[in-house]
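Participant: I am attaching a structure below and will ask some questions about it afterwards.
The values are calculated or read from the model by the stated rules, or taken from the named source; none is laboratory data. Computed from a predicted model, the values in this text were never measured in an experiment. So basically every Cβ, Gly included, is an ideal-geometry build from the backbone, and we count neighbours across all protein chains shown.
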Amino acid sequence: MKKLQKRLAKDSLNSITLNEFGNYYSSKGDKSQANKYFLKSLNNLSLKGSSKKDSSFYYSFRGLLKLNLEKEKAIDDIEKALEINPKDSIAVGFYPLFLIQKRDFNKAKKICLAALKEKNENPEFAYTFLGITILFQEADTFLDNSKKEESKKKNFDQLFDYKSIYKYAEINKDNIKIQHLKNMLEVMGLTFKMYTFEMDDKYNVIMNFSNLEIAKISELELYFQQELTNKRINPFSGNKSLAILNFMLKKNDKAIEYAKKAIDIFPESKRSHNFNSDETLELLLTLYQSKKDNINYKKTLESKIEKNSKYLKSIDDYVNMSYFYLHQNNLDEAENWCNKAREINPDYFNALSLLAHLKFMKSGFESSLVQFYLDQSARQIKDDSDNYSLGIQGVIYMILQGNPANAKLTYDNIQGCKKIRPEKTKFCDNLITQYIQINP
């Protein structure tokens, strides 16, 4: 910050310096102050003196500033920059991410491939976004419930088309960053494959990698170990990757060790909404949960909440803390954290349905708030998962109430839940078998 202030003191109208101030305040979550500097940067940006070759920078930079300020025609500027120079570093480094977020995968892939086909001194951005585009586009297909069984039988490199990823890694075989990225994209593909796996009754992932995949995971583990030893990779990225790979290999103690190293190494002074250690913290939470290590689970979750309190709060962290206290039978503290979650978003489905359950646990059916929060939850259902979850929650309350007059309604509701999530049929049938008597 002091360096930026010195630069601004020397040239208070420099657009690049003003933009860097905007980025600084944006990373700290101060949107108002960030926009003040982005607007100053935009107003002081000039095409004067730019050659045709250099003007791609002008348009891409202006487009980025407009996007930060949520102004119209920002994308027009970025596309104009790419027309002038398909390798423009700002456009290639930002526009594909924008398109991925908009789920325009084909266009993102086209831009990245165009940049990689040209001789490029810094191909890392284009290569990164090409890989991410391929993985996210094809994940939409294989994560579909109707194709889950078919996807389970395929190796990760059959689920994703790695041809372009491997092709440009080979073309850039002397670029160590590209080689790291290629291996990280393989780790990402293997991570996606885990979404096809089942959970046991304690909500732990049942690892079901093929022998070929286990061999690949072991190969990647050795690669990242060697790169860390030789100090040829960013220590945070290396340790994070090793934590994930050891988790896949069911070496949970080693995974915890690497995850903790990654978190300790992470440069907190550079933490922002887009650059943080949250994924590693979430993996560590999963590992502690599987070990039933409540002390370290709580400590890690508290750390994650504190780290994000200055930037963008994650509502799921607050809901998870509420569940933690629920499992400890501390209903008052569970409700306290649930209410904190609703301060972030009062209409969040998971918080509302949990609050209904906490009211039920504290006061039973006598509390009118149970039905109130169930009704509020129903208004916020966004997908089949929410619909099924709330349906089962209501069914269990009816079973616990034990009113024979509700038996037929309870049975019908269970059948409705089966239609929403057919893969949950066994659980639903067990509810009927154990709690409902069916007379011929």
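Participant: Which count do you get for residues in the stretch 137-164 that are under 23 Å from the mean Cα position of the chain (by Cα), surrounded by fewer than 17 Cβ atoms within 10 Å (Cβ to Cβ) and within 17 Å of L181 (Cα to Cα)?
Facilitator: So the count comes out to 1.
Each row is one residue, and each column tells you yes or no for (1) surrounded by 20 or more Cβ atoms within 10 Å (Cβ to Cβ); (2) more than 30 Å from D144 (Cα to Cα).
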| position | (1), (2) |
| --- | --- |
| R342 | no, yes |
| A351 | yes, no |
| G364 | no, yes |
| Y373 | yes, yes |
| S377 | yes, no |
| Q393 | no, no |
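Participant: Right, something else. Looking only at the stretch 71-82, count every residue that is surrounded by 15 or more Cβ atoms within 10 Å (Cβ to Cβ) and among the basic types (K, R) and tell me the total.
Facilitator: Number satisfying all stated conditions: 2.
Participant: How many residues are hydrophobic (A, V, I, L, M, F, W, C) and modelled with pLDDT under 95 if we restrict to the stretch 296-311?
Facilitator: The total comes to 1.
Participant: Return the residues of the stretch 262-279 that are part of a helix (DSSP H, G or I), buried (at least 20 other Cβ atoms within 10 Å of the Cβ) and at pLDDT below 95; say none if nothing qualifies.
Facilitator: none
Participant: In the stretch 73-126, what count of residues is obtained for those that are of a type in the set (S, T, Y) and either touching a Leu at 6+ places or on another chain (Cβ under 6 Å) or more than 24 Å from K173 (Cβ to Cβ) (or both)?
Facilitator: Adding up the residues that qualify gives 1.
Participant: Just checking, which of Q393, Q434 is over 18 Å from L326 (Cα atoms) and out of contact with any Pro (no Cβ under 8 Å at 6 or more places or on another chain)?
Facilitator: The conditions single out Q434.
Participant: Additional query: In this structure, is E219 within 22 Å of the chain's Cα centre (by Cα) and surrounded by fewer than 19 Cβ atoms within 10 Å (Cβ to Cβ)?
Facilitator: no
Participant: Out of all the residues in the stretch 408-440, which are assigned to a helix (DSSP H, G or I), touching a Phe, Trp or Tyr at 6+ places or on another chain (Cβ under 9 Å) and among the hydrophobic types (A, V, I, L, M, F, W, C)?
Facilitator: Listed by number, the residues that qualify are C417, I420, I432.
Participant: Quick test of your reading of the structure: A259 fulfils all but one of (1) assigned to a helix (DSSP H, G or I); (2) farther than 19 Å from L190 by Cα. Name the failing condition by number.
Facilitator: For A259, the exception is condition (2).
Participant: List the residue pairs whose Cβ atoms are under 7 Å apart, where the first residue sits in the stretch 396-420 and is outside the structural domain of M361 (by TED's automatic domain parsing), the second is small (G, A, S), and the two are 6 or more positions apart or on different chains.
Facilitator: From residues that are outside the structural domain of M361 (by TED's automatic domain parsing), the pairs are N413/G391; N413/G394; G416/G391; C417/G391; I420/G391.
Participant: State all residues of the stretch 102-125 that are part of a helix (DSSP H, G or I) and under 20 Å from the mean Cα position of the chain (by Cα); if no residue qualifies, say none.
Facilitator: Passing the criteria: F105, A108, F125.
Participant: What are the residues in the stretch 182-208 that are modelled with pLDDT of 90 or more and more than 15 Å from F160 (Cβ to Cβ), if any? Write out each step before concluding.
Facilitator: First, pick out the residues of the stretch 182-208 that are modelled with pLDDT of 90 or more: 182-194, 207-208.
M207, N208 - these are the residues of the stretch 182-208 that are modelled with pLDDT of 90 or more and more than 15 Å from F160 (Cβ to Cβ).
Participant: Moving on. Pick from T128, T133: which is assigned to a helix (DSSP H, G or I), under 18 Å from the mean Cα position of the chain (by Cα) and buried (at least 21 other Cβ atoms within 10 Å of the Cβ)?
Facilitator: T133
Participant: Which condition breaks for N85 when tested against (1) polar (S, T, N, Q); (2) crowded, with 19+ Cβ neighbours inside 10 Å; (3) within 17 Å of the chain's Cα centre (by Cα)?
Facilitator: That leaves (3) as the condition not met.
Participant: Filter the stretch 91-115 down to residues that are over 15 Å from L135 (Cβ atoms) and crowded, with 21+ Cβ neighbours inside 10 Å, then give me how many there are.
Facilitator: 5
Condition check ((1) in a helix (DSSP H, G or I); (2) closer than 13 Å to T128 by Cα; (3) without any contact (Cβ under 8 Å) to a residue 24 or more places away in the chain; (4) touching an Asp or Glu at 6+ places or on another chain (Cβ under 7 Å)) across all residues:
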| residue | (1), (2), (3), (4) |
| --- | --- |
| D157 | yes, no, no, no |
| D161 | no, no, no, yes |
| K173 | no, no, yes, no |
| E186 | yes, yes, no, no |
| M207 | no, no, no, no |
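Participant: Got at least one residue in the stretch 240-251 being in a loop (DSSP other than H, G, I, E, B), surrounded by fewer than 19 Cβ atoms within 10 Å (Cβ to Cβ), under 23 Å from the mean Cα position of the chain (by Cα) and touching a residue at least 60 places away in the same chain (Cβ under 8 Å)?
Facilitator: no
Participant: State the number of residues belonging to the stretch 379-390 that are surrounded by fewer than 16 Cβ atoms within 10 Å (Cβ to Cβ) and either hydrophobic (A, V, I, L, M, F, W, C) or assigned to a helix (DSSP H, G or I) (or both).
Facilitator: Looking only at that region, the number is 2.
Participant: Here's another thing I want to ask about it. What's the number of the only condition in (1) farther than 19 Å from L400 by Cα; (2) of a type in the set (A, V, I, L, M); (3) part of a helix (DSSP H, G or I) that L312 fails to meet?
Facilitator: Going through the list (1) farther than 19 Å from L400 by Cα; (2) of a type in the set (A, V, I, L, M); (3) part of a helix (DSSP H, G or I), L312 breaks only (3).
Participant: To continue, here is another question. Kindly establish whether K148 is closer than 30 Å to F427 by Cβ, modelled with pLDDT under 90 and part of a helix (DSSP H, G or I).
Facilitator: In short, yes.
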